[in-house]
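Student: Have a look at this one before I ask anything.
The values are calculated or read from the model by the stated rules, or taken from the named source; none is laboratory data. These numbers were taken from a predicted model, which means no experiment stands behind them. Cβ sites come from the backbone with ideal geometry, for glycine too, and all protein chains shown count toward neighbours. Ligands, DNA and RNA are excluded from the accessible area calculation, which covers all protein heavy atoms including side chains. Shrake-Rupley method; radii C 1.70, N 1.55, O 1.52, S 1.80 Å.
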Amino acid sequence: MAGAPKQDDVVICIRGLVTGFGRKTIHDHLDLDVRRGEVLGVVGGSGSGKSVLLRAIIGLIRPREGTVKVFGQPLGEVEGGEMHRLEMRWGVLFQEGALFSSQTVAENIQVPLREYTNMSQELMDEIAAVKLSLVGLPPDAAHKYPSELSGGMKKRAGLARALALDPELLFLDEPTSGLDPISADGFDALIRQLQESLGLTVFMVTHDIDSLRAVADRIAVLVNGKIITGTIAELRKNPDPWIQEYFSGTRGRAALEGTEA
Amino acid sequence: MIEAASDAPEAWFTLDRDGGRLTLGGAWVTAHCAQLDKALGGQDWNGRGDVAIDASKLERLDSAGAWLVLRTRKSLEAVGRKVSRLDLPEMYVPLLKAVEGAKPCEPYVSRIPPGFRGRLYRIGRATVHAGRQGWSILGYLGRVTVEAAEALVRPARNLRIPAIFHQVEETGINALPIVGLLAFLIGIVLAYQGADQLKRFGAEIFTINLLGVGVLREIGGLITAIIVAGRSGSAFTAHIGTMRVNEEIDAMQTMGLNTVETLVLPRIIGLVIALPLLTFYSDVMGLLGGAFMCYFQLGITIHVFLRQLQDAITLNTLLVGLVKAPVFAFVIALVGCYEGFQVERNAASVGLLTTRAVVEGIFLVIVLDAAFSVMFSVLGV
């Protein structure tokens with residue numbers, strides 16, 4: 001992907017996005033491009049609007065100004081069936097997995113399949129098993145209810161549901177938060193592996209500098225309502241005090257040790 | 001149902017005439033899997049010799065499609081044919097490898113046997129559950145009684161007065177409009193139906209006796225208790241249940257706060273204060289509704305109404321109705337709080353137990369009302 005990205009290669013295109021609650025402005029004329037096939041890590045301090053940005057892109061929040069185009073389609077203008085078709089092309093993993101608590105893991109994965117396709121129950125069961133193995137859950141997890149799963153397993157199950165329709169674009173909201181370091185490393189490796197084998201574009205909101213290093217191709221930092229993008233190496237040279245603090249604080253340094261600055 | 005995105009080419013497969021070569025093409029993606037599954041299921045794989053699967057013409061492939069490719073290979077092998085090769089575009093090789101590792105889930109076997117035995121099993125399970133529930137509520141009643149007694153002995157320390165008054169406001173004052181309106185309407189209905197029947201005997205004036213005794217002894221209290229069970233009993237369960245889901249109850253316990261004292265007693269005491277007052281208000285509104293109907297339907301003036309009412313009822317009639325209210329209140333609040341503490345940490349549980357609290361609350365109110373009727377008739381009140 002050398003040189004300027006072609007229009008086709010931009011999966012998410014945000015121009016002049018303004019969002020806010022009440023009097024508070026969260027994003028102030030923000031621009032961002034996410035290219036096909038990349039893993040973009042979004043970081044920022046608490047309250048800087050990472051999750052809000054994600055919710056604005058998937059249409060859960062209406063922006064005050066600006067446009068968000070996903071797959072070239074401007075959100076807010078597409079409606080009904082067109083919007084459904086768009087939603088089928090992305091998958092979202094919410095922070096706590098957001099599994100439907102009254103359904104088993106297999107049923108959770110089959111929800112979008114049942115809604116959007118007319119597969120036989122047998123085929124859906126088989127596909128649920130495929131998704132479970134893709135996210136590294138044992139087959140016997142299929143018939144468990146979300147309340148019977150640990151936090152890490154819930155996230156994997158949530159990821160399996162997000163992958164149910166084989167989306168091209170995957171949104172992850174803090175995929176490694178609340179996981180122990182070993183599970184978090186496992187999850188990072190999983191995301192990378194899935195991204196490679198399924199050819200996904202990944203938009204990942206995170207706090208976790210380890211997972212940025214392990215997974216992200218590019219990083220977008222939210223500072224003062226704007227966004228600054230670059231690789232880790234590029235961002236470390238950025239003079240912004242928050243970015244300096246983030247990558248050069250004790251945690252940042254420890255995580256980045258061994259990578260070239 | 002959404003049809004496949006228009007840019008996705010159809011998926012197809014062909015088996016050549018001697019059955020030695022299976023060609024796959026088009027977009028083997030989730031949107032086409034249902035069709036493909038049917039077509040593949042209808043295909044006869046029998047034949048002789050090796051098969052070569054040529055998937056190099058695939059335009060798109062996703063994990064569901066990859067699974068179908070692998071399953072096709074499996075079904076070929078299942079009929080005893082060897083798959084000599086599987087050609088695939090380079091870019092899809094990692095995907096196929098990732099899907100290949102999938103282990104089939106064992107089908108879910110329900111512990112409940114089918115048929116008659118299953119029904120027996122369910123009945124048995126429900127009975128055991130009901131028994132345990134009853135036992136557990138009894139235990140809870142004991143705990144609440146002990147705590148309440150302790151609180152009443154040392155009210156300054158253990159009784160939370162502001163919380164109690166908050167509950168009186170929530171369950172009593174805020175319920176005034178709905179209770180008043182419904183009682184008024186019930187009064188109208190009762191007077192109308194009574195007048196209609198009694199007119200045949202020329203005894204319209206006794207509509208007032210019917211109304212007075214009916215509303216004060218039974219209807220006023222019952223209607224109010226049922227409304228409050230639906231309104232406040234459910235609110236107790238939902239509130240305490242949501243606190244459980246949020247781990248707030250756990251947090252309170254670790255801080256050494258007594259949950260019965262902080263959450264349950266104010267609700268019970270608040271409702272025990274509020275419900276008798278509400279019942280009195282409801283009685284008044286019911287009689288007002290009746291008087292309204294008598295005036296317009298029978299032409300009975302308010303003067304005549306009041307004089308007849310005084311003949312029909314005594315203070316006892318009112319008290320018999322009112323004495324039941326605190327008992328109803330106690331049961332409604334107890335069940336509401338108890339069910340709130342039974343909530344598990346999932347969304348469905350809150351809804352389920354809220355429903356149960358309302359149903360149990362209304363059930364117990366009516367059962368108790370019947371018990372009171374029997375008791376009063378034995379006592380000759």
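Student: Let me check something: with ligands and nucleic acids excluded, how do B:Phe330, A:Phe21, B:Phe201 order by accessible area (1.4 Å probe), largest to smallest?
Tutor: Details: B:Phe330 65, A:Phe21 115, B:Phe201 160 Å².
Ranking B:Phe330, A:Phe21, B:Phe201 by accessible area, largest first, yields B:Phe201, A:Phe21, B:Phe330.
Student: In addition: Quick one: buried accessible area between B and A, total over both chains, 1.4 angstrom probe, nearest 100 Å²?
Tutor: Numbers: alone 21480 and 12740 Å², together 31760 Å².
By this definition, chains B and A bury close to 2500 Å².
Student: Now, a different point. Roughly how many whole Å is it from the C-alpha centroid of the stretch B:296-334 to that of the stretch A:134-173?
Tutor: 61 Å
Student: Cα gyration tensor of the stretch B:279-332, axes a ≥ b ≥ c as square roots of the eigenvalues: rounded (a/c below 1.5), prolate (a/b > b/c) or oblate?
Tutor: Values: a/c = 4.55, a/b = 2.03, b/c = 2.25.
Oblate is the answer for the stretch B:279-332, as a/c is 1.5 or above yet b/c matches or exceeds a/b.
Student: Charges at C-beta only: +1 for Lys and Arg, -1 for Asp and Glu. How large is the resulting dipole of the stretch B:155-242 about its Cα centre, in Debye rounded to 20? Could you put the intermediate results ahead of the total?
Tutor: On the way: 6 positive and 5 negative charges, 37 e Å.
Dipole magnitude for the stretch B:155-242 comes out near 180 debye.
Student: Given the DSSP H assignment, sum -39500 (n - 2.57) over each helix run of at least 4 residues in the protein assembly as shown and divide by its residue total; what's the result at 222 nm in deg cm²/dmol, nearest 500? Each step should come with its number before you reach the end.
Tutor: Working: 25 runs with 349 residues, N = 642.
One gets -17500 deg cm²/dmol as the mean residue ellipticity at 222 nm.
Student: How high is the FRET efficiency between B:Ser377 and B:Arg154 when r is their beta carbon distance and R₀ equals 51 Å, given to the nearest 0.05?
Tutor: Values: r = 40 Å, r/R0 = 0.79.
So the FRET efficiency works out to roughly 0.80.
Student: Give the Rg (one decimal place) followed by the Dmax (whole number) of the stretch B:99-169, computed from C-alpha coordinates and expressed in Å.
Tutor: 24.5, 71
Student: Carbon and sulfur together cover what percent of the accessible area of the stretch B:11-101 at a 1.4 Å probe radius? Could you put the intermediate results ahead of the total?
Tutor: Working: 2160 of 4410 Å².
Solvent-exposed carbon and sulfur of the stretch B:11-101 make up 49 percent of the total.
Student: In addition: Considering only DSSP beta bridges where both residues belong to the stretch B:11-101, give the percentage that are antiparallel (nearest 5). Provide the component values of the computation, followed by the final result.
Tutor: Details: 5 of 16 bridges.
Antiparallel bridges make up about 30 percent of those DSSP assigns within the stretch B:11-101.
Student: Sticking with this structure for a sec: Give the value in nm², to one decimal: projected area of the alpha carbon convex hull of the protein assembly as shown, averaged over all directions. List each step's numbers first, then the result.
Tutor: Values: hull surface 171.6 nm².
So the mean shadow area of the Cα hull is 42.9 nm².
Student: Multiply the residue separation of B:Thr145 and B:Val323 by 0.36 nm, subtract the distance between their alpha-carbon atoms, and state the gained length in nm to one decimal.
Tutor: Result for the pair: 62.1 nm of gain on full extension.
Student: Compute the orientation-averaged projected area for the stretch B:160-379 from the convex hull of its Cα atoms and round it to one decimal in nm². Intermediate results must be reported in sequence, preceding the final value.
Tutor: Working: hull surface 54.8 nm².
With the hull built on Cα positions only, its mean projection is 13.7 nm².
Student: Apply the Karplus curve 6.51 cos²θ - 1.76 cosθ + 1.60, θ = phi - 60°, to the phi angles in the stretch B:81-96 and return the couplings in whole Hz, x for Gly and Pro.
Tutor: Ordered by residue, 3J(HN,Hα) equals 10, 8, 8, 6, 7, 9, 8, 9, x, 3, 5, 9, 4, x, 4, 4 Hz.
Student: Report the residues of the stretch A:70-102 in range of a label on A:Arg114: point 7 Å along Cα→C-beta, backbone N strictly under 12 Å from it.
Tutor: A:100, A:102
Student: Still on this structure, please answer the following. Top to bottom by accessible area (1.4 Å), largest first, where do B:His32, B:His303, B:His129 land? Let's see the in-between values first.
Tutor: Working: B:His32 5, B:His303 145, B:His129 100 Å².
Ranking B:His32, B:His303, B:His129 by accessible area, largest first, yields B:His303, B:His129, B:His32.
Student: Sticking with the crude label model, points 7 Å out along Cα→Cβ, report the distance from A:Ser177 to A:His29 in nm, one decimal please.
Tutor: 3.0 nm
Student: Quick one: the Cα spread of the stretch A:14-97 along its three principal axes, in angstroms, biggest first?
Tutor: 34, 25, 25
Student: Using θ = phi - 60° and the Karplus form 6.51 cos²θ - 1.76 cosθ + 1.60, what ³J(HN,Hα) does each residue of the stretch A:228-242 get, whole Hz, x for Gly and Pro?
Tutor: 10, 10, x, 7, 4, 4, 5, 5, 5, 8, 6, x, 4, x, 5
Student: Please figure out what share of the DSSP beta bridges in the protein assembly as shown is antiparallel and state it in percent, rounded to the nearest 5.
Tutor: On the way: 25 of 54 bridges.
Given both bridge residues lie in the protein assembly as shown, the antiparallel proportion sits at roughly 45 percent.
Student: Would you be so kind as to identify which of B:Met252, A:Asn238, B:Ala175 lies farthest towards the positive end of the dipole of the protein assembly as shown, taking Lys and Arg as +1 and Asp and Glu as -1 on Cβ and the Cα centre as origin?
Tutor: B:Ala175
Student: For B:Thr242 and B:Asp87 in the same chain, what is the full-extension length gain: residue separation times 0.36 nm, less their Cα-Cα distance, in nm?
Tutor: Details: separation 155, 0.36 × 155 = 55.80 nm, distance 5.56 nm.
Gain in length upon complete extension: 50.2 nm.
Student: Continuing with this model, one more query. Can you sort B:Tyr121, B:Tyr295 by solvent-accessible area, 1.4 Å probe, largest first? Present the calculation step by step, with values, prior to reporting the outcome.
Tutor: On the way: B:Tyr121 75, B:Tyr295 120 Å².
Largest to smallest exposure gives the sequence B:Tyr295, B:Tyr121.
Student: Now for a different question. I'd like the GluC sites (Glu not before Pro) in the stretch B:194-254 restricted to DSSP loop residues with at most 16 other Cβ atoms within 10 Å, sorted by number. Could the numbers behind the result be given before it?
Tutor: Values: sites: B:Glu204, B:Glu218, B:Glu247, B:Glu248; in loops: B:Glu247.
Those satisfying the criteria are B:Glu247.
Student: So for the stretch B:11-101, Kirkwood radius off the Cα pairs, Stokes-Einstein at 4 °C and 1.567 mPa s: how many µm² s⁻¹?
Tutor: Details: Rh = 13.0 Å.
So the translational diffusion coefficient is about 99 µm²/s.
Student: In sequence order, what are the phi-derived ³J(HN,Hα) couplings for the stretch B:258-274 according to the Karplus relation 6.51 cos²θ - 1.76 cosθ + 1.60 with θ = phi - 60°, rounded to whole Hz, with x for glycine and proline?
Tutor: Listing the rounded values in order: 7, 5, 5, 5, 8, 9, 7, 4, x, 5, 5, 5, x, 6, 5, 6, 6 Hz.
Student: Starting from the eigenvalues of the Cα gyration tensor, five times each then square-rooted, give me the equivalent ellipsoid semi-axes of chain B, largest first, whole Å.
Tutor: Numbers: eigenvalues 979, 166, 80 Å².
After scaling each eigenvalue by five and taking roots: 70, 29, 20 Å.
Student: Grab the beta carbon distance between B:Arg21 and B:Glu106, set R0 = 35 Å, and tell me the FRET efficiency rounded to 0.05. Could the numbers behind the result be given before it?
Tutor: Numbers: r = 35 Å, r/R0 = 1.00.
After rounding, the FRET efficiency stands at 0.50.
Student: Using a basic spin-label model with each label point 7 Å from the Cα along Cα→Cβ, how many nm lie between B:Leu176 and B:Val79?
Tutor: 8.1 nm
Student: Looking at chain A, what % of the alpha carbon pairs are farther apart than 28 Å? Please list the in-between numbers first.
Tutor: Values: 11974 of 33930 pairs.
Roughly 35 percent, rounded to a whole number.
Student: Enumerate the amide H contacts of A:Leu149 below 5 Å, restricted to partners 5 or more residues apart or on another chain; note that Pro and chain-start residues carry no placed amide H.
Tutor: Amide H neighbours of A:Leu149: none.
Student: With unit charges on the beta carbons (Lys and Arg positive, Asp and Glu negative) and the dipole taken about the Cα centre of the protein assembly as shown, which residue among A:Val223, A:Ala160, B:Val367 sits farthest to the positive side?
Tutor: Value computed over the given set: B:Val367.
Student: Something else about it: Quote the relative contact order of the stretch B:11-101 in percent (integer), defining contacts as alpha-carbon pairs under 8 Å separated by 6+ residues. Write down the numbers at each step before the final one.
Tutor: Numbers: 145 pairs, mean separation 28.3, N = 91.
Rounded, it is 31 percent for the stretch B:11-101.
Student: Additional query: What do you get for trypsin sites (Lys or Arg not before Pro) in the stretch B:121-183 restricted to DSSP loop and a cutoff of at most 15 other Cβ within 10 Å of the site's Cβ? Mind showing how you got there, number by number?
Tutor: On the way: sites: B:Arg122, B:Arg125, B:Arg132, B:Arg143, B:Arg157, B:Arg160; in loops: B:Arg160.
Of the trypsin sites (Lys or Arg not before Pro), not one in the loops of the stretch B:121-183 has a Cβ with at most 15 other Cβ atoms within 10 Å.
Student: Hey, can you find the accessible area per residue of the protein assembly as shown for me, probe 1.4 Å, expressed in square angstrom? Walk me through the numbers on the way to the answer.
Tutor: Details: 31760 Å² over 642 residues.
With all protein chains present, the protein assembly as shown gives 49 Å² per residue.
Student: For B:Phe296 and A:Ser147, what does the FRET efficiency come to when R0 = 60 Å and r is the distance between their Cβ atoms, rounded to the nearest 0.05?
Tutor: Details: r = 58 Å, r/R0 = 0.97.
The calculated FRET efficiency here is 0.55.
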